[in-house]
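First comes the structure, then the notes that go with it.
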Amino acid sequence: MSKFLLHINGQDHSVQAPDEESLLSVLRNRLALTGTKYGCGEGQCGACTVLMDGAATRSCQIPAAAAAGAKITTIEGLERQGRLTPVQDAFLEEGAYQCGYCTSGMIMSASALLHDNHSPTDEQIVTAMNGNVCRCGTYPRILAAIKRAASLSAGGTR
Ligand code: FES
Ligand code: FES
């Protein structure tokens with residue numbers, strides 16, 4: 001058991017958790033940040049993606065204690081004063097979801113991509129999003145949403 005500080009969505013959270021407990025588990029089960037989803041638990045689906053110091057990161061694969069000191073952003077931390085980011089707006093406008101289970105992970109990965117590359121090609125988008133799985137098969141609309149977000153504003157999420 002360790003005690004440590006996590007910096008999430010601009011706020012510090014004091015956490016006490018077993019050394020091996022994942023960041024995903026701490027987010028969902030200790031801090032009630034349930035926008036980040038549990039899919040496979042094995043680093044294969046991307047449902048649990050958060051940003052760690054700006055990089056898309058599988059929170060199921062990181063012990064929470066190892067995330068101490070990093071700037072963590074979850075889906076709950078993207079909006080600013082009630083305004084969604086261009087990526088969130090574009091997902092809504094394109095209807096880039098069906099059940100929605102993969103969506104927060106998709107949006108976090110897309111946000112990281114567009115922060116680093118304001119005008120990605122289709123191929124670059126597909127490559128960047130390759131680790132995010134959608135069981136509903138909404139990939140064409142996800143691609144359209146990311147292209148729309150790029151044309152809207154080139155990210156602007158962090
Ligand atoms: S739940 Fe983390 S990658 Fe699937
Ligand atoms: S919208 Fe259902 S898993 Fe992607």
Of (1) more than 16 Å from ligand 1 (Cβ to nearest atom); (2) open to solvent by 40 Å² or more (accessible area, probe 1.4 Å), I8 fails just (2)
In this structure, is G100 within 16 Å of ligand 1 (Cβ to nearest atom), on the phi > 0 side of the Ramachandran plot and free of Cβ contacts under 8 Å to residues at least 12 places away in the same chain? yes
Flagged in region 130-142 as within 13 Å of ligand 1 (Cβ to nearest atom) and either open to solvent by 40 Å² or more (accessible area, probe 1.4 Å) or aliphatic (A, V, I, L, M) (or both), in numbering order, are N130, V133, R135
With respect to Y38, is the statement that it is under 15 Å from V133 (Cα atoms) and in the same structural domain as M129 (by TED's automatic domain parsing) true? no
Residues located in region 89-105, provided they are assigned to a helix (DSSP H, G or I), out of contact with any helix residue (DSSP H, G or I) (no Cβ under 6 Å at 6 or more places or on another chain) and either within 19 Å of G39 (Cα to Cα) or within 15 Å of ligand 2 (Cβ to nearest atom) (or both): L92, T103, G105
Any chance A110 is assigned to a helix (DSSP H, G or I) and either assigned by TED's automatic domain parsing to the domain that holds L24 or farther than 12 Å from I142 by Cα (or both): no
Scan region 14-40 for residues that are surrounded by fewer than 14 Cβ atoms within 10 Å (Cβ to Cβ) and closer than 17 Å to S104 by Cβ and jot them down. A32, C40
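Can you tell me which residue is least open to solvent (accessible area, probe 1.4 Å) among those in region 41-64 that are among the hydroxyl-bearing types (S, T, Y) and free of Cβ contacts under 8 Å to residues at least 60 places away in the same chain?
S59
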Of the numbered conditions (1) assigned by TED's automatic domain parsing to the domain that holds Q11; (2) more than 24 Å from V15 (Cβ to Cβ); (3) touching a Gly at 6+ places or on another chain (Cβ under 6 Å), R58 fails exactly one; give the number of that condition. (2)
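The values are calculated or read from the model by the stated rules, or taken from the named source; none is laboratory data. Everything numeric here is computed off the predicted structure, so don't read it as measured data. Quick reminder, even Gly has a Cβ in these numbers, built from the backbone with ideal geometry, and neighbours come from all protein chains shown. All accessible areas refer to the heavy atoms of the entire protein, side chains included, with ligands and DNA or RNA removed. Shrake-Rupley method; radii C 1.70, N 1.55, O 1.52, S 1.80 Å.
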